[in-house]
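The values are calculated or read from the model by the stated rules, or taken from the named source; none is laboratory data. Everything quoted here is computed from the prediction, not taken from an experiment. Cβ sites come from the backbone with ideal geometry, for glycine too, and all protein chains shown count toward neighbours.
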C-alpha cells in the first residue's frame, strides 16, 4: 500500500508499530456488565492510529474526525490510553533506532 496522505500508514510502518501498541487492561476495581469479549467488536487498530495521525496532521478537533476512522470519542480514548502507556515515546525511539541503523545518527555529546 502506498501512502497517499500524510496520515495514512503504510503496511511496513504498521507492521513495525503493531507490537508497540499496549494491550487493553480491565480494571479489577470496576464491576463490568459484560463478560470479556462481549459487546461491540474491537476497532481496527491501524485505522485508530491513522485517525490519531489525521488529527495531529490536520489540527482537526477529535469530534470532527471522519467516520472512516471510527468513533471520534473511541479514537480519542485510545489516544489518551496509549499516551499514558508510553506508546508514542516507544514509537519515536524505535524510529530513531531504525534511522540510526540505516543512515547513522551523528549524536552530539
If residue 8 satisfies all but one of (1) in a helix (DSSP H, G or I); (2) surrounded by 13 or more Cβ atoms within 10 Å (Cβ to Cβ); (3) touching a helix residue (DSSP H, G or I) at 6+ places or on another chain (Cβ under 8 Å); (4) in contact (Cβ under 8 Å) with a residue 12 or more places away in the chain, what's the number of the condition it fails?
(1)
Those residues of the range 68-78 which are over 13 Å from residue 47 (Cβ atoms) and touching a helix residue (DSSP H, G or I) at 6+ places or on another chain (Cβ under 7 Å), in sequence order:
76
Any hit, the range 52-67, residues being in a loop (DSSP other than H, G, I, E, B) and touching a helix residue (DSSP H, G or I) at 6+ places or on another chain (Cβ under 6 Å):
yes
Test: residue in the range 98-107 that is in contact with a helix residue (DSSP H, G or I) (Cβ under 9 Å, 6 or more places away or on another chain), surrounded by fewer than 12 Cβ atoms within 10 Å (Cβ to Cβ) and assigned to a loop (DSSP other than H, G, I, E, B)
yes
Of the candidates 25, 50, 29, the one satisfying the condition of being closer than 20 Å to residue 91 by Cβ and at pLDDT below 90 is 25
If we keep just the residues of the range 16-44 that are outside any loop (DSSP other than H, G, I, E, B) and surrounded by 10 or more Cβ atoms within 10 Å (Cβ to Cβ), which is farthest from the chain's Cα centre (by Cα)?
16
When residue 86 is evaluated against the numbered criteria (1) in contact with a helix residue (DSSP H, G or I) (Cβ under 6 Å, 6 or more places away or on another chain); (2) over 14 Å from residue 7 (Cα atoms); (3) surrounded by 12 or more Cβ atoms within 10 Å (Cβ to Cβ), which criterion, by number, is the only one it fails?
(1)
